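The values are calculated or read from the model by the stated rules, or taken from the named source; none is laboratory data. In this text, all values refer to a predicted model and were calculated from it rather than measured experimentally. Here the Cβ positions follow ideal geometry from the backbone for every residue, glycine too, while neighbour counts run over all protein chains shown.
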Amino acid sequence: MKKEEVPQDGNNMHEGKFRQLFYATDNAGQYVPVTSVGWEPENVAMTQAWEEIHAKVEAARQRVLAGEASPVLYYMEKTIMDLPLLASYVGKFQWQVKRHMKPAVFNKLSDNMLHKYAAAFKISIKELKEVK
Amino acid sequence: MGEVLEVMNDIQFNHEQTAHCESGVISNIFRHYGLHISEPMAFGIGAGIFFAHLPFVKVNGVPGTTYRVVPGAIFKRVCKRLGVKIESQTFSNVEKGMQELDRILETGTPVGMLSSVYYLPYFPASYRFHFNAHNLVAYGKSGENYRISDPIMETVTEIDPKSLAEARFAKGFPAPKGKLYYAVDVPKEISLQEPIRQGINQACHDMLKIPLPMFGVSGIRYLAKRLKQYPEKVGERKAVLYLGNIIRMQEEIGTGGAGFRFMYAAFLQEAAGILQREELSVLSGELTKVGDIWRNFAFNAGRVCKSRAVNNVSYAELSEMLMQCAAEEELLFRKLSKVKI
């Protein structure tokens, strides 16, 4: 890749604040570091990854509103966690966290357990209980 | 008086932006002690270049692909090969981990740390996934906050203690466990010949000789074969996600472009100059061309992702491009392994 070919396909994802470094060759074929605001294929892949996350969050939100799942599912998706990661944050087994995703079980959780979930999601207990 | 204290606490740290966090931290910390090793040189000596496709190791349901060796390996190898003594510690207790950081900083020593990018507030929001093996350097404090030299950022920055603690003690795999490290003995004069030779030998071995289909050049072919069948095996939606992940691993921050291939080419070029070996310079030029094929692959893969059309032909074409990358890299590393250093 020549210096002039280093892509500068900016998009609004980095809010113009971030430039990453590439290695490219100058006219004499010498490698030099060049900064780039982004490249179209990477932007596409990144946008797609976030769309997937947003879709999962929205699906979880609908399930919570329909009474099929507890807010634990919604906030897990929202904080881009998966079951093993969330389980290790709250110090429980995966099957226990899975149980807590049932509204009936969630409603009976102790304050201590709710506190752990709220801390893992970095929200208040009040926010944890209500999904809008 | 207050001013004097502040100056005593604040060591000068010469921050330089790099492409990849691990080779970047190595280069930045060593420079602090007067040892000038460029990022590509650190990457080459540490034999950072690699390829692996692990369909069984899924991240958010997507098979893992990597273009470099496992986190931590470059650092370990470079220190060993250059004779740099590093002290490193992990902690089971957050407070102890933060106290120890403060103690070392007070001695005027820059401290490298492992962190999760999810908890770094200065990081671009779109990159903040739960990735736990990001390296950064703290080089002092400004009141409560820590002064940070994050190698992939353009300038130095600051972070509040709470966020830093969360980042250092993130859960998940691999858990950083507050890992910190600092140099205790850095030689001023070194010969690069032997470290370069060892680095090249290891890279050639890793790319050509691991007797499993998922690693090195065989790994590229392995991915090529699987990619061809994505649309029929996992369906259109997932195929696009899988493809997107391959692009991200290849081009997202840290790779220096084309999944580290350009960074390694820069290393070969620098090594050619240091050792006066023209062959290495020629191989650097050849690897640059391979890097361009990788980029062409990413470019076309990006178009497939964008169109989201079920088109088996396009997947077959992408697979063909990967086969070409594999063939070219096999040739290149075979030649490289024959260069006598």
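Limited to region B:284-319, what total is found for residues that are in contact (Cβ under 8 Å) with a residue 12 or more places away in the chain and within 19 Å of B:TYR67 (Cα to Cα)?
Matching residues across region B:284-319 total 19.
When you scan region B:241-249, do you find a residue that is of a type outside the set (Lys, Arg), touching a Phe, Trp or Tyr at 6+ places or on another chain (Cβ under 7 Å) and within 27 Å of A:THR25 (Cα to Cα), even just one?
Yes, because at least one residue in region B:241-249 is of a type outside the set (Lys, Arg), touching a Phe, Trp or Tyr at 6+ places or on another chain (Cβ under 7 Å) and within 27 Å of A:THR25 (Cα to Cα).
Could you identify the single residue in B:PHE50, B:PHE30, B:PHE56 that is at pLDDT 95 or above and outside the structural domain of B:GLY172 (by TED's automatic domain parsing)?
Going through B:PHE50, B:PHE30, B:PHE56 in turn, the sole match is B:PHE50.
Tell me, please, whether a residue that is among the acidic types (Asp, Glu) and free of Cβ contacts under 8 Å to residues at least 12 places away in the same chain can be found in region B:99-111.
no
Within region B:143-158, count every residue that is buried (at least 21 other Cβ atoms within 10 Å of the Cβ) and farther than 20 Å from B:HIS20 by Cα.
Residues flagged as buried (at least 21 other Cβ atoms within 10 Å of the Cβ) and farther than 20 Å from B:HIS20 by Cα within region B:143-158 amount to 1.
Applying the selection to region B:104-118, what residues are within 14 Å of chain A (Cβ to nearest Cβ) and buried (at least 22 other Cβ atoms within 10 Å of the Cβ)?
Matches in region B:104-118: B:SER116, B:VAL117.
Can you name every one of the helices (runs of 4 or more DSSP H) wholly within region B:223-279 that holds 2 or more residues which are hydroxyl-bearing (Ser, Thr, Tyr)?
none
Residue-by-condition table, conditions (1) in contact with a helix residue (DSSP H, G or I) (Cβ under 6 Å, 6 or more places away or on another chain); (2) among the hydrophobic types (A, V, I, L, M, F, W, C):
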residue: B:GLY24; (1), (2): yes, no
residue: B:LEU35; (1), (2): no, yes
residue: B:ALA52; (1), (2): yes, yes
residue: B:GLY61; (1), (2): no, no
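Can B:LEU336 be described as buried (at least 19 other Cβ atoms within 10 Å of the Cβ), out of contact with any His (no Cβ under 7 Å at 6 or more places or on another chain) and not hydroxyl-bearing (Ser, Thr, Tyr)?
Numbers: buried (at least 19 other Cβ atoms within 10 Å of the Cβ): yes; out of contact with any His (no Cβ under 7 Å at 6 or more places or on another chain): yes; not hydroxyl-bearing (Ser, Thr, Tyr): yes.
Criteria met by B:LEU336.
Answer yes if at least one residue in region B:170-186 is within 11 Å of chain A (Cβ to nearest Cβ) and crowded, with 22+ Cβ neighbours inside 10 Å, and no otherwise. Talk me through it step by step, then tell me what you get.
First pass over region B:170-186, keeping only residues within 11 Å of chain A (Cβ to nearest Cβ): B:170-173, B:175.
Still in the running and crowded, with 22+ Cβ neighbours inside 10 Å: B:170.
Yes; the residues of region B:170-186 include at least one that is within 11 Å of chain A (Cβ to nearest Cβ) and crowded, with 22+ Cβ neighbours inside 10 Å.
With respect to the numbered conditions (1) in a helix (DSSP H, G or I); (2) closer than 20 Å to B:GLY219 by Cα, which one is the sole condition not fulfilled by B:MET41?
So the condition that B:MET41 fails would be (2).
Does B:GLY140 count as buried (at least 22 other Cβ atoms within 10 Å of the Cβ), assigned by TED's automatic domain parsing to the domain that holds B:GLY24 and within 17 Å of the chain's Cα centre (by Cα)? Let's see the steps before the verdict.
Details: buried (at least 22 other Cβ atoms within 10 Å of the Cβ): yes; assigned by TED's automatic domain parsing to the domain that holds B:GLY24: yes; within 17 Å of the chain's Cα centre (by Cα): no.
Judged against the criteria, B:GLY140 is not a match.
Criterion first (buried (at least 21 other Cβ atoms within 10 Å of the Cβ), of a type outside the set (S, T, N, Q) and in contact with a Leu (Cβ under 9 Å, 6 or more places away or on another chain)) does B:GLY219 satisfy it?
yes
Here is a list of conditions, (1) more than 10 Å from chain B (Cβ to nearest Cβ); (2) free of Cβ contacts under 8 Å to residues at least 12 places away in the same chain, and A:LYS102 meets all of them except one; can you say which number that is?
(2)
Consider B:PHE297 against the criteria (1) surrounded by 15 or more Cβ atoms within 10 Å (Cβ to Cβ); (2) away from every other protein chain (no Cβ under 12 Å): it satisfies all of them except one. Which criterion is unmet?
B:PHE297 satisfies all of (1) surrounded by 15 or more Cβ atoms within 10 Å (Cβ to Cβ); (2) away from every other protein chain (no Cβ under 12 Å) except (2).
Among the listed residues A:TYR75, A:TYR117, which satisfies the condition of being farther than 18 Å from B:VAL59 by Cα, in a helix (DSSP H, G or I), under 13 Å from the mean Cα position of the chain (by Cα) and not hydrophobic (A, V, I, L, M, F, W, C)?
Testing whether each residue is farther than 18 Å from B:VAL59 by Cα, in a helix (DSSP H, G or I), under 13 Å from the mean Cα position of the chain (by Cα) and not hydrophobic (A, V, I, L, M, F, W, C) leaves just A:TYR75.
(1) surrounded by fewer than 22 Cβ atoms within 10 Å (Cβ to Cβ); (2) within 12 Å of another protein chain (Cβ to nearest Cβ); (3) in contact (Cβ under 8 Å) with a residue 24 or more places away in the chain: which one isn't true of B:PRO124, the others all being true?
(3)
So which of B:TYR222, B:TYR230 ends up being over 24 Å from the mean Cα position of the chain (by Cα) and either basic (Lys, Arg) or over 16 Å from B:GLY46 (Cβ atoms) (or both)? Quick ask: steps written out before the conclusion?
Values: B:TYR222 fails: over 24 Å from the mean Cα position of the chain (by Cα).
Result: B:TYR230 is the single residue among B:TYR222, B:TYR230 that is over 24 Å from the mean Cα position of the chain (by Cα) and either basic (Lys, Arg) or over 16 Å from B:GLY46 (Cβ atoms) (or both).
Can you pull out every residue in region A:67-92 that is surrounded by fewer than 17 Cβ atoms within 10 Å (Cβ to Cβ) and away from chain B (no Cβ under 14 Å)?
A:GLY67, A:GLU68, listed by residue number.
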